[in-house]
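S.K.: Got a structure for you, written out below as structure tokens; questions coming shortly.
The values are calculated or read from the model by the stated rules, or taken from the named source; none is laboratory data. Keep in mind that what you see is a predicted model, and the values were worked out from it rather than measured. Cβ sites come from the backbone with ideal geometry, for glycine too, and all protein chains shown count toward neighbours.
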Amino acid sequence: MEKIDLISSLEKISSNIPNRILKIEGYVSKQKCQEYLEIIIYRGFSSSTTHPIEIDLEKRVIEIDHKFNNFRLFKGPLIKESNNFIRESKDPLFFLEKNNWI
């Protein structure tokens, strides 16, 4: 089975659906401990609120050992007073289906 670049694939979908924000949560493994990891994908771009990420398009967004365990989709832009939450999944492949972004 071919290994996919999950973040890159999700960024491509996100670039075609500009009013959605995907929040990915998980952890990175460092010296036998786990650190919380959060990545936000919006309009085709990734940003991490917890760790430095790679901005070179030729490289993976996150190179360190990591695991994603939760994916939450929101309607953008985020407005504090409104409930923008759409859906959630623990399955890392769920949001690779474009229809799950709607």
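S.K.: With respect to GLU25, determine if the residue is of a type outside the set (Lys, Arg) and modelled with pLDDT under 90.
M.R.: Judged against the criteria, GLU25 is not a match.
S.K.: Look at segment 11-25 and say how many of its residues are surrounded by fewer than 18 Cβ atoms within 10 Å (Cβ to Cβ) and within 12 Å of LYS67 (Cβ to Cβ).
M.R.: Of the residues in that region, 1 qualify.
S.K.: On the basis of being modelled with pLDDT under 95 and not in a loop (DSSP other than H, G, I, E, B), does GLU88 make the cut?
M.R.: So GLU88 fails the test.
S.K.: Is it the case, given these coordinates, that ILE39 is at pLDDT below 85, surrounded by 16 or more Cβ atoms within 10 Å (Cβ to Cβ) and not aromatic (Phe, Trp, Tyr)?
M.R.: Considered against the rule, which asks whether it is at pLDDT below 85, surrounded by 16 or more Cβ atoms within 10 Å (Cβ to Cβ) and not aromatic (Phe, Trp, Tyr), ILE39 comes out as no.
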